[in-house]
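This report refers to the structure that appears directly beneath it.
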Amino acid sequence: MTERHDGLLGEVKERLKAARRPVVLSGAGISAESGVPTFRGSDGLWRNMRAEELATPGAFKRDPRLVWEFYDWRRGILEGIRPNQAHSSLAELERRCEDLTIITQNVDGLHRLAGSRNVLELHGNIWLVRCTECEKVTENREVPIEILPHCECGAVLRPHIVWFGESLPADVFDNAVRASESADLMMVIGTSGVVQPAASLATLAKRSGAYLVEINPESTPLSLEMDAVICASAGEAVPELL
Ligand code: NAD
Ligand code: ZN
């Protein structure tokens, strides 16, 4: 972090200390320093295909094996990966401030692994599978996973992940809306702010009166709405702020 942030950091720290209902909106960038590739980074490609071509209901209908191979590859990357300083500082903050809510777009489960409990996983979790018929959700941590896993009812299982073109689970999203509406401060960490409706939660918090802070080494479409923009990596800025 450069010197020009000094005054700003002080203000954000004060705001954080005073916040009674802080909310974090996190994206792939918060896990980057743990070694998880972001989607929009060039290392997010698999066999030259973009996630948007594979993480869709249409792709799964056409070729469920291919989609499972993609998730098997992503599970392989995530296996053994540990939360970083940003995840653990937020878990520590929750111990001090029970009303902290983490709304994450990540499916890697790293916030919970770091010890955070009040986590809303908007897009699901890569270690959960869901039956395409009976819809039962179960944990499955196999790596490699059987390339076409089946439910006990006989139907094919899919990753319990919200794909492009699918709606978010209503209960999880409702809770995220409620938390954003009542937030007095929102930290937007490591998200490109282009995936909806997740990004709209920042706008909602702002409209409801929250102080908005962005932590991202690059600017995003959300930067303009921010009260403070901290141009730094999450692993550096989050522990410093908290
Ligand atoms: P994104 O890949 O679109 O954007 C990542 C953002 O993080 C960028 O703005 C980038 O500048 C920023 N960034 C990179 N390194 C950073 C760092 N060290 N500290 C802070 N910020 C950093 O990610 P998104 O906005 O979360 O949207 C992508 C979608 O892909 C989401 O829906 C998510 O579910 C999914 N996804 C999840 C994971 C994961 O679970 N870890 C990984 C890739 C993609
Ligand atoms: Zn079933």
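Which percent of the Cα-Cα distances in region 1-105 go past 16 Å? Roughly 70 percent, rounded to a whole number.
Taken along the Cα-to-beta-carbon direction at a fixed 7 Å, the label points for Arg21 and Trp73 span 4.3 nm.
Under 1.5 on a/c is rounded, so check that first for the chain, then, if it is not, pick prolate when a/b is larger than b/c and oblate when it is not; a ≥ b ≥ c are the square roots of the alpha carbon gyration tensor eigenvalues. List each step's numbers first, then the result.
On the way: a/c = 1.99, a/b = 1.78, b/c = 1.12.
Prolate is the answer for the chain, as a/c is 1.5 or above and a/b outweighs b/c.
Annotation: for a label point projected 7 angstrom from Cα along Cα→Cβ of Ile147, residues of region 64-87 with backbone N closer than 20 Å are 64-78.
Please figure out what share of the DSSP beta bridges in region 83-242 is antiparallel and state it in percent, rounded to the nearest 5.
Values: 8 of 19 bridges.
Rounded to the nearest five, the antiparallel share is 40 percent.
Segment Arg40..Arg178, full-extension length gain: 46.8 nm, with 0.36 nm per residue of separation and the alpha-carbon distance subtracted. Note down the net charge around Leu168, summing +1 for each Lys or Arg and -1 for each Asp or Glu among other residues with Cβ under 13 Å from its Cβ. Result for the local shell: -4.
Per residue, region 99-242 exposes an accessible area of 43 Å² to a 1.4 Å probe, with every protein chain left in place. Across the accessible surface of the chain, with the other protein chains kept in place and a 1.4 Å probe, carbon and sulfur atoms take up 47 percent. To the nearest 10, the accessible area of Met49 is 40 Å² with a 1.4 Å probe.
As a test of understanding, state the convex hull volume per residue of region 33-169 from its alpha carbons, in Å³. Don't skip to the answer; put the middle values down first.
Values: hull volume 15.9 nm³, N = 137.
Value for region 33-169: 116 Å³ per residue.
Please state, to two decimals, what the Cα-based radius of gyration of region 99-140 comes to when divided by 2.2 N^0.38 Å (N = residues).
On the way: Rg = 11.6 Å, N = 42, 2.2 N^0.38 = 9.1 Å.
In units of the globular-protein estimate, region 99-140 measures up at 1.28.
Taking the Cα centre of each part, how many Å lie between region 180-207 and region 143-173? Answer, in whole Å: 26. Computed about the Cα centre, the dipole magnitude for the chain is approximately 180 debye when only Lys and Arg (+1) and Asp and Glu (-1) carry charge, each at its Cβ. Heavy-atom accessible area for Ile145, with the other protein chains in place and a 1.4 Å probe, reaches approximately 10 Å².
The values are calculated or read from the model by the stated rules, or taken from the named source; none is laboratory data. The model shown is predicted, which means the values in this text are computed figures rather than measured ones. Because the Cβ atoms are built from the backbone with ideal geometry, glycine has one as well, and the counts that use them run over all protein chains shown. In case anyone asks, the SASA skips ligands and DNA or RNA and just uses the protein heavy atoms, side chains included. Shrake-Rupley method; radii C 1.70, N 1.55, O 1.52, S 1.80 Å.
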